[in-house]
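So the structure is just underneath, and the comments pick up after that.
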Amino acid sequence: MGKKGLISASVAALAILLCGACSSGGCIDGRSGVPKVEFRSSATGAAIRLDSLRISGVGAPGDSAIIGAATSTSYVNLPLKSDSHLTAWCISYKQKALDYPQLNDTLTFEYDTTPYFVSDDCGVGFRYYINNLSCTRHLIDSVELVEPLVTTVDQVYVALYFRTQE
């Protein structure tokens, strides 16, 4: 095989490899980390399911509710703002005996944002490093930072302990 034939074969092989690497599905995976916050009982430490909660973004325009009062869940994924170092979430209790604004709790994340290249289809994503977590303590007993580096891995990053009657 001559020099021209070797170059042509190399170009053809490269084209086949590049076409094989193309994705027809586009960007289907999450690009940015979102912290999973698990609800736990302060009495036992066990995961609990809560209903009658409404969680919404503090200072977010419009209706920013992540979960509504009719949802029963043991965790929530709370997105962080990539253009800020602080995101706060308001937790409202919608049970009849607890549905008072003065009982609302606020969970505040302070973090550093790191952009990273995901892929040609997905572009840039973000990882977050949580430096500090704080919360008011009306019905929340405490908050625990389980893992400070928030990536796209589906795991618990924050444990939120609620006062419950057990």
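Just so it is clear, none of the values below were taken in a lab; they were calculated from the coordinates. Nothing here was measured: the structure is a model prediction, and the numbers come from that model. Methodologically, a virtual Cβ is constructed for each residue, glycine included, from the backbone with ideal geometry; neighbour enumeration extends over all protein chains shown.
If you average the sequence gap of Cα pairs under 8 Å that are 6 or more apart and divide by the length of region 31-166, what percent do you get for the contact order?
Numbers: 324 pairs, mean separation 39.6, N = 136.
Result for region 31-166 is 29 percent.
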Segment T106-S82, length gained on full extension (0.36 nm per residue, minus Cα span): 6.7 nm
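For V156 and T44, calculate 0.36 nm times their separation in residues minus their Cα-Cα distance, and state this gained length in nm to one decimal. Let's see the in-between values first.
Working: separation 112, 0.36 × 112 = 40.32 nm, distance 1.77 nm.
Fully extending the segment from V156 to T44 adds 38.6 nm.
What FRET efficiency, computed as 1/(1 + (r/R0)^6) with R0 = 22 Å and r the Cβ-Cβ distance, is obtained for R127 and A60, rounded to the nearest 0.05?
Working: r = 22 Å, r/R0 = 0.99.
Efficiency, from the Cβ-Cβ distance: 0.50.
Provide the gained length on full extension for the span S74 to E147, in nm with one decimal, where the gain is 0.36 nm per separating residue minus the Cα-Cα distance.
24.5 nm
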